[in-house]
Amino acid sequence: MKAGFFLVLGRLMKKSAEKSYHHGSLKEAAIHEVLEFVVRAGHLDFSLREIAKACGVSAPAFYRHFESKEVLLIEVAKRGYELFHQKLQYAAELHSKLPSTERIQQLGMAYLDFAIKYEGHYRVMFNRELHVLPSYPSIKPLADQSFRLLRTTISEAFKSSGMDIDDKEAELATLQAWSMVHGLSHLWLSRILGYTENQFLKMSREIVKAKII
């Protein structure tokens, strides 16, 4: 009898120790913990049990909200792509009165700023593990919209210079610009340069200014 009483009491105490979440707030907590893990570890090799523990809930309770790691990663990436596009769109609108080449440079710097300030999102968005998920095509349009914004700005830059380029040339020029800022972003995230953030941004601005268009 006593053993049964203490077993029930233990279960009640464990249940009360778990945090209580509404569905929306647990989703936000889970996304936050994933981003914290990715920044801390530098990779996506986490389990749902780890994230559930970090959120202060049991694994079964967590699985009711996220049935798989794929579902959680897709949600994190979706938030990242939306935020990324907002940042680039804001930079494009803020500097819309500048010459086209300078607008491209500002987009490049906005890209780098995102990688620095939203490292967790960035690492998830550009990780191979995400891109091979069966459900990745459902968010690919969100990933593509920022590339289209950069491509449009680059095409306008060529046209304003009196050069009418075709679609293939515009795509190649966009890939060239993207590759440069993407490479700089990874150099920063690798932690191997030894620069402060201000030093890195100053150096990157000079590179972007010299190399884009």
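Do you know which of the residues in segment 180-206 that are crowded, with 16+ Cβ neighbours inside 10 Å and among the small types (Gly, Ala, Ser) is farthest from Ile116 (Cα to Cα)?
Ser204
Could you please find all residues in segment 131-142 being assigned to a loop (DSSP other than H, G, I, E, B) and free of Cβ contacts under 8 Å to residues at least 40 places away in the same chain? Please lay out each step first, then the result.
We begin by selecting, within segment 131-142, every residue assigned to a loop (DSSP other than H, G, I, E, B); these are 132-135, 139.
Answer for segment 131-142, where residues must be assigned to a loop (DSSP other than H, G, I, E, B) and free of Cβ contacts under 8 Å to residues at least 40 places away in the same chain: just Val132.
Condition check: of a type in the set (Phe, Trp, Tyr), assigned to a helix (DSSP H, G or I), touching a residue at least 12 places away in the same chain (Cβ under 8 Å) and in contact with a helix residue (DSSP H, G or I) (Cβ under 9 Å, 6 or more places away or on another chain). Does Phe46 satisfy that?
Details: of a type in the set (Phe, Trp, Tyr): yes; assigned to a helix (DSSP H, G or I): no; touching a residue at least 12 places away in the same chain (Cβ under 8 Å): yes; in contact with a helix residue (DSSP H, G or I) (Cβ under 9 Å, 6 or more places away or on another chain): yes.
So Phe46 does not fit the description; no.
Hey, does segment 120-129 have a residue that's in the same structural domain as Ile207 (by TED's automatic domain parsing) and not in a helix (DSSP H, G or I)?
Restricting attention to segment 120-129, the residues satisfying the condition of being in the same structural domain as Ile207 (by TED's automatic domain parsing) are 120-129.
In the following step, the residues that additionally are not in a helix (DSSP H, G or I) were identified as 126-127.
Scanning segment 120-129, I find at least one residue that is in the same structural domain as Ile207 (by TED's automatic domain parsing) and not in a helix (DSSP H, G or I), so the answer is yes.
Take Tyr111 and tell me if it is farther than 24 Å from Glu70 by Cβ, at pLDDT 95 or above and surrounded by 18 or more Cβ atoms within 10 Å (Cβ to Cβ). Don't jump to the end; show me each part of the working.
Numbers: farther than 24 Å from Glu70 by Cβ: yes; at pLDDT 95 or above: yes; surrounded by 18 or more Cβ atoms within 10 Å (Cβ to Cβ): yes.
Yes; evaluated as a whole, the condition is true for this residue.
Can you confirm whether Lys168 is modelled with pLDDT under 95, under 15 Å from Ile104 (Cβ atoms) and loosely packed, with under 15 Cβ neighbours inside 10 Å?
On the way: modelled with pLDDT under 95: yes; under 15 Å from Ile104 (Cβ atoms): no; loosely packed, with under 15 Cβ neighbours inside 10 Å: yes.
The answer is no for Lys168.
Return a yes/no flag: does segment 178-201 have any residue that is farther than 19 Å from Arg40 by Cα, within 13 Å of the chain's Cα centre (by Cα) and outside any loop (DSSP other than H, G, I, E, B).
There is at least one residue in segment 178-201 that is farther than 19 Å from Arg40 by Cα, within 13 Å of the chain's Cα centre (by Cα) and outside any loop (DSSP other than H, G, I, E, B).
If Val181 meets every condition in (1) of a type outside the set (Asp, Glu); (2) farther than 19 Å from Phe84 by Cα; (3) touching a residue at least 12 places away in the same chain (Cβ under 8 Å) apart from one, which number is that one?
(2)
Provide a single number: the residues in segment 143-170 that are among the acidic types (Asp, Glu) and not in a helix (DSSP H, G or I).
Going through segment 143-170, the residues among the acidic types (Asp, Glu) turn out to be 144, 156, 164, 166-167, 169.
Still in the list and also not in a helix (DSSP H, G or I): 164, 166.
Within segment 143-170, residues that are among the acidic types (Asp, Glu) and not in a helix (DSSP H, G or I) number 2.
Is segment 122-130 home to any residue that is of a type in the set (S, T, N, Q) and buried (at least 17 other Cβ atoms within 10 Å of the Cβ)? Give the derivation first.
The first filter runs over segment 122-130 and keeps only residues of a type in the set (S, T, N, Q), leaving 127.
Narrowing further to those that are buried (at least 17 other Cβ atoms within 10 Å of the Cβ): none.
Checked against the condition, which is being of a type in the set (S, T, N, Q) and buried (at least 17 other Cβ atoms within 10 Å of the Cβ), segment 122-130 yields no hits at all.
Please indicate, with yes or no, whether at least one residue in segment 29-47 is within 30 Å of Ala157 (Cα to Cα), surrounded by fewer than 15 Cβ atoms within 10 Å (Cβ to Cβ) and of a type in the set (Asp, Glu).
Checked against the condition, which is being within 30 Å of Ala157 (Cα to Cα), surrounded by fewer than 15 Cβ atoms within 10 Å (Cβ to Cβ) and of a type in the set (Asp, Glu), segment 29-47 yields no hits at all.
Of all residues being over 25 Å from Met125 (Cβ atoms) and free of Cβ contacts under 8 Å to residues at least 12 places away in the same chain in segment 54-79, which is surrounded by the fewest Cβ atoms within 10 Å (Cβ to Cβ)? Just the residue, please.
Step by step, filter segment 54-79, then rank; the result is Pro60.
The values are calculated or read from the model by the stated rules, or taken from the named source; none is laboratory data. The model shown is predicted, which means the values in this text are computed figures rather than measured ones. Cβ coordinates were reconstructed from backbone atoms using ideal geometry, including for glycine residues, and neighbour counts include every protein chain displayed.
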